[in-house]
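Structure record follows, encoded as C-alpha cells.
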Amino acid sequence: MTEQQHPNRATEAFFGRRKGKPLRERQAEGMATLLPALKLDLQPPAPAELSGLFPVPLEEVRLEIGFGGGEHLIHRAQESPETGFIGVEPFVNSMAKLLSRVDELKLTNIRVYDDDATQVLDWLPDASLDRIDLLYPDPWPKRKHWKRRFVSQVNLDRFHRVLKPGGLFLFASDIDTYVNWTLIHCRDHGGFSWLAEQSSHWLTPFAGWPGTRYENKARREGRSSAYLTFRKI
C-alpha cells in the first residue's frame, strides 16, 4: 500500500499524552537498548510472511493495539510460544514496563511499535494477521471526542484488510457507550460477524484471560466489562 493509498489518519485522535513519570534506570536502559532491537522498522516493505519478523518458528501472528501495562501481552506470549505478537503502545512508561518483562522472561516472540497503530496496520500485508486485540482502549467518554475512538469505519477497513479469512477481532471495554459503539460500527461495516449467541458470551472473559489493571480498576469502581469477539467474513 503506498502513502497515497493510506486512509486518512490523525495520530492525536487515538491517544493522549506520551509520557508520565520519569523512567527508572533499568527501564531507561531497556528503552535505549531493547526497544531498537524489537521495534518494527516500517521503512522497508513488510515480509510476505510475518513470521519472518521473529527469530523463532511460529504458527501464527497477532496484533495487540494499546497494550497498556502489558499484562495481557506478556501472558499470551508465555501461554503461546508458537505465536508471534506485535504490541503497539505509544505511552513511553507502558512500553518501558513491557520491555523490562520481555528482558526478564527472555521472550523471543514479541515485537513492538511505539507510535500510531494505524502506521503498522497500513504497513502490514493483506491477510497477514490471525487476530487483533483492542482491549480497554481509551473510551474518549465526552461525545465531542467520540471521533477519537479507535473503532471507526476506516480502522475497521484496516482490520479487515490485514486479517486472514476467518481471522478474529477481540474487543473489551467497561464503557457501555463504547461497547454499543463497537457493535454498531462492526454491524454497519458488514465485514465482521459477532460470534455471541447469548449474554454469557460477551459477559464472560476471553479464554485464558489474565485480567488487567484497567479491568480491576473498573470493577473497583462498580463497572462491569464486555468481551466482544468478531470474525472476518
One residue is enough: does segment 89-108 have a residue meeting the conditions in contact with a helix residue (DSSP H, G or I) (Cβ under 7 Å, 6 or more places away or on another chain) and under 20 Å from Phe159 (Cα atoms)? yes
Take segment 86-107 and flag every residue that is open to solvent by 10 Å² or more (accessible area, probe 1.4 Å) and under 23 Å from Gln43 (Cβ atoms). Glu89, Pro90, Val92
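Considering only residues that are charged (D, E, K, R) and assigned to a helix (DSSP H, G or I), look in segment 70-129 and name the one that is nearest to Ala28 (Cα to Cα). Please lay out each step first, then the result.
Taking segment 70-129 and keeping what is charged (D, E, K, R), we get 71, 76, 79, 82, 89, 97, 101, 103-104, 106, 111, 114-116, 122, 126.
The next check asks that each one be assigned to a helix (DSSP H, G or I); those that pass are 71, 76, 79, 97, 101, 103-104, 122.
Values: Glu71: 19, Arg76: 25, Glu79: 27, Lys97: 10, Arg101: 13, Asp103: 13, Glu104: 15, Asp122: 29 Å.
For segment 70-129, the residue satisfying everything is Lys97.
Quickly run through segment 178-188 and pick out the residues that are open to solvent by 40 Å² or more (accessible area, probe 1.4 Å) and not acidic (Asp, Glu). Outline the logic, then answer.
The first filter runs over segment 178-188 and keeps only residues open to solvent by 40 Å² or more (accessible area, probe 1.4 Å), leaving 180-181, 183-184, 187-188.
Of everything in segment 178-188, those that are open to solvent by 40 Å² or more (accessible area, probe 1.4 Å) and not acidic (Asp, Glu) turn out to be Asn180, Trp181, Leu183, Ile184, Arg187.
Condition test on Asp133, is it under 28 Å from Asn180 (Cα atoms) and open to solvent by less than 10 Å² (accessible area, probe 1.4 Å)? Give the steps one after another, and end with the answer.
Details: under 28 Å from Asn180 (Cα atoms): yes; open to solvent by less than 10 Å² (accessible area, probe 1.4 Å): yes.
Spelling it out, Asp133 is indeed under 28 Å from Asn180 (Cα atoms) and open to solvent by less than 10 Å² (accessible area, probe 1.4 Å).
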Number of the exception - Pro139 against (1) under 16 Å from the mean Cα position of the chain (by Cα); (2) farther than 17 Å from Val88 by Cβ; (3) outside any loop (DSSP other than H, G, I, E, B): (3)
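I'd like to verify a number: residues in segment 55-75 that are surrounded by fewer than 18 Cβ atoms within 10 Å (Cβ to Cβ) and farther than 18 Å from Met95 by Cβ, how many? Can you show your working first?
Step one: list which residues in segment 55-75 are surrounded by fewer than 18 Cβ atoms within 10 Å (Cβ to Cβ), which gives 55-57, 59-60, 69, 75.
Filter again for farther than 18 Å from Met95 by Cβ, leaving 55-57, 59-60.
Qualifying residue count, segment 55-75: 5.
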Any chance Arg161 is among the basic types (Lys, Arg) and in contact with a Lys or Arg (Cβ under 8 Å, 6 or more places away or on another chain): no
Residue in segment 155-169 that is more than 30 Å from Ala28 (Cα to Cα), under 13 Å from the mean Cα position of the chain (by Cα) and open to solvent by 30 Å² or more (accessible area, probe 1.4 Å) present: yes
Please state which of the following conditions Ala207 fails to meet, knowing it meets all the rest: (1) of a type in the set (A, V, I, L, M, F, W, C); (2) within 18 Å of the chain's Cα centre (by Cα); (3) open to solvent by less than 40 Å² (accessible area, probe 1.4 Å). (3)
If a residue has to be among the acidic types (Asp, Glu) and open to solvent by 30 Å² or more (accessible area, probe 1.4 Å) to count, how many in segment 210-233 make the cut? 1
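Answer yes or no: is there a residue in segment 157-166 that is assigned to a helix (DSSP H, G or I), in contact with a strand residue (DSSP E or B) (Cβ under 7 Å, 6 or more places away or on another chain) and either among the β-branched types (Val, Ile, Thr) or modelled with pLDDT under 95 (or both).
Among the residues of segment 157-166, at least one is assigned to a helix (DSSP H, G or I), in contact with a strand residue (DSSP E or B) (Cβ under 7 Å, 6 or more places away or on another chain) and either among the β-branched types (Val, Ile, Thr) or modelled with pLDDT under 95 (or both), which makes the answer yes.
Being under 25 Å from Phe91 (Cα atoms), free of Cβ contacts under 8 Å to residues at least 60 places away in the same chain and either open to solvent by 50 Å² or more (accessible area, probe 1.4 Å) or in a loop (DSSP other than H, G, I, E, B) (or both) narrows it down to one residue among His145, His201; which is it?
Values: His201 fails: under 25 Å from Phe91 (Cα atoms).
When all the criteria are applied, what remains is His145.
The values are calculated or read from the model by the stated rules, or taken from the named source; none is laboratory data. All values derive from a computational prediction rather than experimental measurement. Backbone-built Cβ (ideal geometry, glycine too); neighbour counts: all protein chains shown. Heavy atoms of the whole protein, side chains included, go into the accessibility calculation; ligands, DNA and RNA do not. Shrake-Rupley method; radii C 1.70, N 1.55, O 1.52, S 1.80 Å.
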